[in-house]
1. Pull up the cross-link candidates among the lysines for Lys29, meaning alpha carbon to alpha carbon under 20 Å and not fewer than 8 places away within one chain.
2. Whole-Hz ³J(HN,Hα) for each residue in region 54-67, computed from phi via Karplus 6.51 cos²θ - 1.76 cosθ + 1.60 with θ = phi - 60°, x for glycine and proline: what do you get?
3. Using the Karplus curve 6.51 cos²θ - 1.76 cosθ + 1.60 with θ = phi - 60°, work out ³J(HN,Hα) for each residue of region 21-29 in order, rounded to whole Hz, and write x for Gly and Pro.
4. List the trypsin sites (Lys or Arg not before Pro) in region 157-202 that DSSP assigns to loop (not H, G, I, E or B) and whose Cβ has at most 11 other Cβ atoms within 10 Å. Which are they?
5. Got a sec to turn the phi values of region 37-49 into Karplus ³J(HN,Hα) couplings, 6.51 cos²θ - 1.76 cosθ + 1.60 with θ = phi - 60°, whole Hz, x for Gly and Pro?
6. Please give the Cα centre distance for region 1-80 versus region 127-145, rounded to the nearest Å.
7. Given labels modelled 7 Å from the Cα in the Cβ direction, how far is it in nm from Arg91 to Gln166?
8. Which three extents, in whole angstrom, do the alpha-carbon atoms of region 30-105 cover along their principal axes, largest first?
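The values are calculated or read from the model by the stated rules, or taken from the named source; none is laboratory data. Computed from a predicted model, the values in this text were never measured in an experiment. Here the Cβ is made from the backbone with ideal geometry for all residues, glycine too, and neighbour counts use every protein chain on show. Ligands, DNA and RNA are stripped out before the accessible areas are found, and what is left, the full protein with its side chains, is counted by its heavy atoms. Shrake-Rupley method; radii C 1.70, N 1.55, O 1.52, S 1.80 Å.
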Amino acid sequence: MITLFHYPKSRSTRFIFLLEELEAPYQLKLVTTRGSDGTGAVDATNPHPHGKVPAISDDGIVVFESPAIALYLTDRFPKNHLGPLVGEPERGPYLSWLSYYTGVLEPAFMSKFMNTAVPRGTAGWVPLEEAMTAVINALTQGRYILGDHFSAADVLYGTTFAMFSQSPMMPKSTVIDAYVKRIVARAAFARAHARDDGSAVA
Ligand SMILES: N[C@@H](CCC(=O)N[C@@H](CS)C(=O)NCC(=O)O)C(=O)O
C-alpha cells in the first residue's frame, strides 16, 4: 500500500491524480508543512528530508522528489502504462522530460518569479521563454509530452501549466492552452481534486 504524505493544494495534489490514473491502492497522510509566510511547521511523521510534500512510502520504502515519485509509481504500477518501461523506446524521452521538469522547468519558473537573470553557461537551466519553447516543440509532435500517449510526465507538466495558466509569467501559447484543457478534462484529475482535502480516502 502506498502512503502519500500530502498537504492540500500543493505539489502533492498531482500525485493523487497520478495514483488515481494508475488505479493504485493508496492512502493519504495529511501533514503540516512550512508556509512561505512563516506559518506552519514540519510534521515529524513526514519522511521527506526537508519536511516537504510530496513524499511516499511503499510499505516503508520512502521516495521523495516529484520526478522520482512519478518514475517509481509508474514502474511499480505498470497496468495502465503511464510510464514507458526499461527497454521500451520511449523510456529515454520519459526519463529526460521527468528530469527536465525538476532540473530546468521549475528553476526557470522560479527565476522568472524572482525576476532574476539566468546566467548563460553557468546555470543548469535556461530562461522560462526558452524552456517553454522546448516544451511547446515537444507538444507540437503529439498531444502529450511523449507523443500521443498520456504519461506521468503530463501529470507534472500539465498540472504546472494549469496552475500558471492565468499568470502573466506564462508565455501565451494556444498549444499549451489546448494541452491544459486535455489534462484537466481527465476523470482522474477531477477525482484527485475531490479528494484533495484528505476526507474521501481511508
Ligand atoms: N522539489 C520538490 C519540491 C517540493 C516542495 O517544495 N513542496 C512544497 C509544497 S508545494 C512544500 O512542501 N513546502 C514546504 C517547505 O518548503 O517546507 C518536489 O518537486 O517534490
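1. Filter leaves Lys9, Lys52.
2. Ordered by residue, 3J(HN,Hα) equals x, 9, 10, 10, 9, 6, x, 8, 9, 10, 9, 6, 3, x Hz.
3. Karplus-based 3J(HN,Hα) across region 21-29 equals 4, 6, 6, 8, x, 8, 10, 9, 10 Hz.
4. Values: sites: Lys172, Lys181, Arg182, Arg186, Arg191, Arg195; in loops: Lys172, Arg186.
Of the trypsin sites (Lys or Arg not before Pro), the ones in loops of region 157-202 whose Cβ has at most 11 other Cβ atoms within 10 Å are Lys172.
5. 8, x, 8, x, 7, 5, 8, 5, 7, 7, x, 4, x
6. Comparing the Cα centres of region 1-80 and region 127-145, I get a distance of 27 Å.
7. 4.3 nm
8. 45, 31, 18
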